[in-house]
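Chemist: Before I ask anything, here is the structure I am working with.
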Amino acid sequence: MFDPNKVDLLLVDDDAEFRSTVARRCKRRGFQVQEASSGEEALGMAERRQFDVAVLDMVMPSLSGLQLLEKLKASNPECEVIMLTGQGTIETAVQAMKLGAIDFLSKPFPLAELEILIENAYETGQLRKENRQLKTVLRRSQTETEIIGKSATMQEVFRLIDRAGPTDKAILIQGESGTGKELVARALHRQSARADKPLVVINCAALPESLLESELFGHEKGAFTGAVAAKPGLFEVADGGTLFIDEIGELAGSLQAKLLRVLEDGSMRRIGSIKERRVDVRLLAASNRNMAKEVAAGRFREDLFYRINVMSLQLPSLRDRKGDIPLLVSHFVGTEWTIDPRAMSAIEAYHWPGNVRQLINAIDRAKIMADDHVIYVEDLPPDILELRNTNGHSMMEPLGDELAGIERAHVMEVFNRERGNKSRTARALGINRRSLYRLLEKYQIAGPESHHTA
């Protein structure tokens, strides 16, 4: 729904009486109006502030309306421009449109008509911004994954998401690496009134301080070596939507101060610019650190901490919700795969320091190693297989020489019965071919030369 209070309007006309009349009408409509009596004054204002719509008189001394239009669009390409003239011609209208004007109005005109043009220009600008945002978000997007869990701790997480999601407040998500903090941020965004706007994600731990500042706040052309073009920051990309800052505890002190200012009044500046820009962004933050302890240690600003921590959401580690492991494994393995009971036992016994992310990686690896869509314990990563059971034995080790002898004799018996055919032997033993090769090598079993070994 259109909100006139969000429209930053620049009104430029050298006729003081006319300009004042239009400004009063626009202010009553609710627009945020700045007045300029000349093109030079207007450019100075545009250097300090980002305007949504500019209304320019065509005929002014010193700098004409067309000259101002060209300069304004060069420095403020996102500003939509409406041209006014008392002596309009087809040629000037066409020229104004070529230079980037969105509309053209001849004096005299009803002020209500100008109001409609300003509203249309603003909404056109917002559509263009949303299109740019969508393209940026699509370039940065990742495949979303469902949050899985029936444990009591996860049910509490779901309850808090349902409560906090629809609000517009900042939320701090805390938990160990791999617990699904970004998934929770995406769920909070989907529950909010901003769900149809961008959700933009950035990880502070993945970027050096200098690059992180540019990513968050943007930069102007020539602001630093390599800045060959102006670039909007992620706050601008997320305008109207949600910005998720992961590992916010890694944010340098200077950037903490800049972030605080944006959260306080919605204003920011690109690197290398003196121009104020206003953004409307909901902030979600996450950290694997205890942020209260970071504040106490002087590594994180206390005022910023209270800004981002209107509500805190603590995610449990996987070892604290082991009852969810079979459910997670079933989800990530998929319906086309089977997991052997011994493999499931090994997975449930493991302590999972990398949490759900490590579990996903382990299953992906096992799928690569497995044959015939069946995951056996031998297909799991070595760090899981090295786990000792309560009797002091590895999940892979026989329980002694006697059992090893029994196992060797059984494998030899089946192998000979199947006349050295490894495919049939593996099926008879209930294992995959790779596991059979390991047993044959381990026990130095070789079939008679006359046997088929396919």
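The values are calculated or read from the model by the stated rules, or taken from the named source; none is laboratory data. These numbers come from a predicted model, not from an experiment. With ideal geometry, Cβ positions are generated from the backbone for all residues, glycine too; neighbour counts draw on all protein chains shown.
Chemist: Look at GLY405 and say whether it is modelled with pLDDT under 80, outside the structural domain of ASP364 (by TED's automatic domain parsing), over 52 Å from the mean Cα position of the chain (by Cα) and not in a loop (DSSP other than H, G, I, E, B). Step through it out loud before you land on a result.
Modeler: Working: modelled with pLDDT under 80: yes; outside the structural domain of ASP364 (by TED's automatic domain parsing): yes; over 52 Å from the mean Cα position of the chain (by Cα): yes; not in a loop (DSSP other than H, G, I, E, B): yes.
Judged against the criteria, GLY405 is a match.
Chemist: Would you pick out the residues in the stretch 444-454 that are under 14 Å from VAL414 (Cα atoms), of a type outside the set (Gly, Ala, Ser) and modelled with pLDDT of 75 or more?
Modeler: Of everything in the stretch 444-454, just one residue is under 14 Å from VAL414 (Cα atoms), of a type outside the set (Gly, Ala, Ser) and modelled with pLDDT of 75 or more, namely ILE445.
Chemist: Still on this structure, I have one more. Do we have ALA195 as within 26 Å of VAL7 (Cβ to Cβ) and surrounded by fewer than 21 Cβ atoms within 10 Å (Cβ to Cβ) here? Lay out the reasoning, then the answer.
Modeler: Numbers: within 26 Å of VAL7 (Cβ to Cβ): yes; surrounded by fewer than 21 Cβ atoms within 10 Å (Cβ to Cβ): yes.
It is true that ALA195 is within 26 Å of VAL7 (Cβ to Cβ) and surrounded by fewer than 21 Cβ atoms within 10 Å (Cβ to Cβ).
Chemist: Just give me the residues in the stretch 329-357 being under 21 Å from GLN174 (Cα atoms) and either surrounded by 14 or more Cβ atoms within 10 Å (Cβ to Cβ) or in contact with a Gly (Cβ under 7 Å, 6 or more places away or on another chain) (or both), in sequence order. Before you say what the answer is, go through the steps one by one.
Modeler: If we filter the stretch 329-357 for residues that are under 21 Å from GLN174 (Cα atoms), which is where we start, we get 351-357.
Hits for the stretch 329-357 are TRP352, GLY354, ASN355, VAL356, ARG357.
Chemist: Follow-up question, since we're still on this one. Filter the stretch 232-257 down to the residues that are surrounded by 15 or more Cβ atoms within 10 Å (Cβ to Cβ) and more than 22 Å from LYS197 (Cα to Cα) and list them by number.
Modeler: Here is the first cut: in the stretch 232-257, the ones surrounded by 15 or more Cβ atoms within 10 Å (Cβ to Cβ) are 232-251, 255-256.
Across the stretch 232-257, the qualifying residues are GLU247, ILE248, GLY249, GLU250, LEU251, LEU255, GLN256.
Chemist: OK, next. Across the stretch 158-181, which residue is nearest to ASP303 (Cα to Cα) among those that are surrounded by fewer than 19 Cβ atoms within 10 Å (Cβ to Cβ) and among the hydroxyl-bearing types (Ser, Thr, Tyr)?
Modeler: THR167
Chemist: In this structure, is ASP8 buried (at least 19 other Cβ atoms within 10 Å of the Cβ) and assigned by TED's automatic domain parsing to the domain that holds LEU105?
Modeler: Values: buried (at least 19 other Cβ atoms within 10 Å of the Cβ): yes; assigned by TED's automatic domain parsing to the domain that holds LEU105: yes.
It is true that ASP8 is buried (at least 19 other Cβ atoms within 10 Å of the Cβ) and assigned by TED's automatic domain parsing to the domain that holds LEU105.
Chemist: Now for a separate question. Name, by its number, the condition in (1) free of Cβ contacts under 8 Å to residues at least 24 places away in the same chain; (2) surrounded by 19 or more Cβ atoms within 10 Å (Cβ to Cβ) that does not hold for THR225.
Modeler: Here THR225 meets the rest and fails (2).
Residue by residue, here is whether (1) within 34 Å of the chain's Cα centre (by Cα); (2) in contact (Cβ under 8 Å) with a residue 60 or more places away in the chain holds:
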| position | (1), (2) |
| --- | --- |
| PHE2 | yes, yes |
| CYS26 | no, yes |
| GLN34 | no, no |
| GLN50 | yes, yes |
| ASP57 | no, no |
| GLN67 | no, no |
| CYS79 | yes, yes |
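Chemist: Among the residues of the stretch 212-233, what is the count of those that are over 16 Å from ALA170 (Cβ atoms), within 17 Å of the chain's Cα centre (by Cα) and of a type in the set (A, V, I, L, M, F, W, C)? Steps first, answer last, please.
Modeler: So in the stretch 212-233, the residues over 16 Å from ALA170 (Cβ atoms) come out as 212-215, 217-233.
The next check asks that each one be within 17 Å of the chain's Cα centre (by Cα); those that pass are 212-215, 217-218, 232-233.
After this cut, where a residue has to be of a type in the set (A, V, I, L, M, F, W, C) as well, the list is 212, 217.
So the count comes out to 2.
Chemist: Here's a check for you: in the stretch 1-13, which residue that is of a type outside the set (A, V, I, L, M) and not in a helix (DSSP H, G or I) is nearest to THR124 (Cα to Cα)? Spell out the reasoning first.
Modeler: Narrowing the stretch 1-13 to residues of a type outside the set (A, V, I, L, M): 2-6, 8, 13.
Narrowing further to those that are not in a helix (DSSP H, G or I): 2-3, 8, 13.
Details: PHE2: 12, ASP3: 14, ASP8: 14, ASP13: 23 Å.
Here the answer is PHE2.
Chemist: In this structure, is LEU429 surrounded by 14 or more Cβ atoms within 10 Å (Cβ to Cβ), at pLDDT below 80 and closer than 19 Å to MET369 by Cα?
Modeler: Details: surrounded by 14 or more Cβ atoms within 10 Å (Cβ to Cβ): yes; at pLDDT below 80: yes; closer than 19 Å to MET369 by Cα: yes.
Yes.
Chemist: Here is a follow-up. Does the stretch 211-222 contain at least one residue that is assigned to a helix (DSSP H, G or I), touching a strand residue (DSSP E or B) at 6+ places or on another chain (Cβ under 9 Å) and closer than 23 Å to SER312 by Cβ?
Modeler: Checking the stretch 211-222: at least one residue is assigned to a helix (DSSP H, G or I), touching a strand residue (DSSP E or B) at 6+ places or on another chain (Cβ under 9 Å) and closer than 23 Å to SER312 by Cβ.
Chemist: Being within 30 Å of ASN355 (Cα to Cα), within 21 Å of the chain's Cα centre (by Cα) and assigned by TED's automatic domain parsing to the domain that holds GLU215 is true for just one of ASN309, ASN290. Which residue is that? Break it down stepwise before answering.
Modeler: Details: ASN290 fails: within 21 Å of the chain's Cα centre (by Cα).
Sole residue among the options that is within 30 Å of ASN355 (Cα to Cα), within 21 Å of the chain's Cα centre (by Cα) and assigned by TED's automatic domain parsing to the domain that holds GLU215: ASN309.
Chemist: Report, by residue number, each residue of the stretch 337-357 that is under 18 Å from LYS367 (Cα atoms) and free of Cβ contacts under 8 Å to residues at least 60 places away in the same chain.
Modeler: Pass one, the stretch 337-357, residues under 18 Å from LYS367 (Cα atoms): 337-348, 356-357.
Across the stretch 337-357, the qualifying residues are TRP337, THR338, ILE339, ASP340, PRO341, ARG342, ALA343, MET344, SER345, ALA346, ILE347, GLU348.
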